[in-house]
Amino acid sequence: MTAARFGHTELPEEQQAALRRGKRLTWLSIAFLATAITLMYLVMGSSQAMKAAWAEDLLSLIPPIAFLVAVRRAKRPPTPEHPYGYHRAVGAGHLVAATALLTMGLFLVWDSASGLLKAEHPPVGLVEIGGWSLWSGWLMIAALAYSAVPPVLLGRAKLPVADTLHDRVLYADADMNKADWMTALGGIVGILGIGVGLWWADAAAALFIAGGILKDGWTNLRTAVGALMDARAETVEGDDPHPLVGDIEDSLRTWGWVRDARARVRDQGHVFHVEAFVVPVAGHAATLDELRELRERLVELDWKIDDVVVAPVEEIPPQLEPGERAQEHTDV
């Protein structure tokens with residue numbers, strides 16, 4: 001008799017290649033952010049928009065660092081203390097990044113709004129460079145422009161990698177990068193507003209940037225908490241049920257001795273844990289060999305299917321039934 005095996009940590013070749021590419025892109029992001037953060041700190045002066053943009057770039061370090069730590073941790077095999085393995089390290093990293101974003105977003109919204117209400121006039125003066133007097137706003141705009149383009153390109157490159165790996169930390173990082181041009185544009189508008197005498201433009205731009213950070217934080221926090229609370233398995237974007245759930249149930253129903261079947265699929269991070277509930281046809285008692293063969297066939301469906309438990313039942317649990325029956329059970 002073949003023993004059941006679960007908790008694999010080896011990725012298929014396609015996913016291994018994606019992981020290597022994801023790591024390279026992540027290190028490139030960290031290296032770029034280090035230069036952008038330093039440059040913006042040197043020129044930001046007392047501008048609220050620049051401070052918000054600098055904070056946004058500083059926060060942008062958290063998702064890539066969380067990704068590198070999570071993928072390293074997820075490689076560890078299951079142990080008696082962690083029988084499901086360490087794949088949830090990805091979810092934990094996502095939660096850390098989302099919490100940091102939400103916290104900083106709330107602080108920056110409060111800071112920017114209070115500056116706007118107090119009618120603070122940020123001074124943007126002149127600087128001496130090689131004997132020439134230059135408005136420091138131009139230096140701020142140059143720094144913002146430098147911080148705008150590379151993250152967008154890196155973010156677009158990370159999105160397909162995140163989808164291939166089913167990695168929400170990398171997806172959150174890519175999503176933030178992709179929207180960084182809006183942060184830079186908002187900051188540039190705020191600085192130019194100061195230049196033409198609109199004192200409120202700086203605080204308004206900072207509020208716009210802070211709102212973007214807050215939105216990213218809330219969206220990612222909601223998705224991260226849902227996954228850690230064993231919500232249904234969803235796509236990496238967190239918007240729709242994962243199509244693999246339907247594929248699993250369709251596969252279960254193709255077996256001649258199965259009358260009906262449903263699956264409860266738990267997102268562990270990169271991989272899924274599947275509990276398959278099957279109702280045998282009348283008079284049929286499923287054998288160990290039939291259950292083993294069914295389990296092995298499910299594992300072969302997709303690399304993300306890690307742990308599979310097949311449970312023969314007399315009827316499908318009401319919580320897994322679609323439509324009115326599930327709602328009636330919930331109401332009771």
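The values are calculated or read from the model by the stated rules, or taken from the named source; none is laboratory data. Just so we're clear, the structure is a prediction, and the values are computed from it rather than from any experiment. Cβ atoms come from the backbone with ideal geometry, glycine included; neighbour counts cover every protein chain shown.
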The range 116-149: number of residues that are within 38 Å of the chain's Cα centre (by Cα) and at pLDDT 70 or above:
17
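May I ask you to list the residues in the range 161-179 that are without any contact (Cβ under 8 Å) to a residue 40 or more places away in the chain and of a type outside the set (Gly, Ala, Ser)?
Looking only at the range 161-179, we keep the residues that are without any contact (Cβ under 8 Å) to a residue 40 or more places away in the chain, and these are 174, 178-179.
Of everything in the range 161-179, just one residue is without any contact (Cβ under 8 Å) to a residue 40 or more places away in the chain and of a type outside the set (Gly, Ala, Ser), namely 178.
A quick yes/no check of all residues on (1) modelled with pLDDT of 90 or more; (2) within 30 Å of residue 98 (Cα to Cα); (3) aromatic (Phe, Trp, Tyr):
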residue: 251; (1), (2), (3): yes, no, no
residue: 295; (1), (2), (3): yes, no, no
residue: 303; (1), (2), (3): yes, yes, yes
residue: 331; (1), (2), (3): no, no, no
What are the residues in the range 52-72 that are within 16 Å of residue 174 (Cβ to Cβ) and surrounded by 19 or more Cβ atoms within 10 Å (Cβ to Cβ), if any?
56, 57, 59, 60, 62, 63, 64, 66, 67, 70, 71
If you go through the range 29-78, how many residues are modelled with pLDDT of 85 or more, among the hydroxyl-bearing types (Ser, Thr, Tyr) and touching an Asp or Glu at 6+ places or on another chain (Cβ under 9 Å)?
1
Answer yes or no as to whether residue 276 is of a type in the set (A, V, I, L, M, F, W, C), surrounded by fewer than 17 Cβ atoms within 10 Å (Cβ to Cβ) and farther than 30 Å from residue 105 by Cβ.
no
Taking the condition of being closer than 16 Å to residue 108 by Cβ and in a loop (DSSP other than H, G, I, E, B), how many residues in the range 204-240 meet it?
0
Failed criterion for residue 49 (all others in (1) buried (at least 24 other Cβ atoms within 10 Å of the Cβ); (2) under 30 Å from residue 273 (Cα atoms); (3) not hydroxyl-bearing (Ser, Thr, Tyr) hold)
(2)
Before we move on, is residue 254 farther than 29 Å from residue 70 by Cβ, polar (S, T, N, Q) and either free of Cβ contacts under 8 Å to residues at least 12 places away in the same chain or surrounded by fewer than 19 Cβ atoms within 10 Å (Cβ to Cβ) (or both)?
yes
Residue count, the range 182-198, condition out of contact with any helix residue (DSSP H, G or I) (no Cβ under 7 Å at 6 or more places or on another chain) and surrounded by 24 or more Cβ atoms within 10 Å (Cβ to Cβ), comes to 0
All-but-one check, residue 205 against (1) farther than 29 Å from residue 137 by Cα; (2) crowded, with 24+ Cβ neighbours inside 10 Å, failing number (1)
Please specify each residue of the range 264-284 satisfying the condition of being in contact (Cβ under 8 Å) with a residue 40 or more places away in the chain and either among the small types (Gly, Ala, Ser) or not in a strand (DSSP E or B) (or both).
268, 269, 270, 271
Filter the range 73-92 for residues that are among the basic types (Lys, Arg) and not in a helix (DSSP H, G or I); which is surrounded by the most Cβ atoms within 10 Å (Cβ to Cβ)?
88
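Being closer than 26 Å to residue 170 by Cα and surrounded by fewer than 19 Cβ atoms within 10 Å (Cβ to Cβ) narrows it down to one of 265, 299, so name that one. Spell out the reasoning first.
Details: 265 fails: surrounded by fewer than 19 Cβ atoms within 10 Å (Cβ to Cβ).
After applying the criteria, what remains is 299.
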Looking at the range 164-191, which of its residues are at pLDDT 80 or above, part of a loop (DSSP other than H, G, I, E, B) and either on the phi < 0 side of the Ramachandran plot or in contact with a Ser or Thr (Cβ under 7 Å, 6 or more places away or on another chain) (or both)?
167
Which pairs have Cβ atoms under 9 Å, sit 6 or more apart or on different chains, and link a residue in the range 198-209 that is not assigned by TED's automatic domain parsing to the domain that holds residue 53 to one that is in a helix (DSSP H, G or I) and surrounded by fewer than 21 Cβ atoms within 10 Å (Cβ to Cβ)?
none
Would the range 230-247 turn up any residue that is touching a strand residue (DSSP E or B) at 6+ places or on another chain (Cβ under 8 Å), farther than 22 Å from residue 166 by Cα and buried (at least 19 other Cβ atoms within 10 Å of the Cβ)?
no
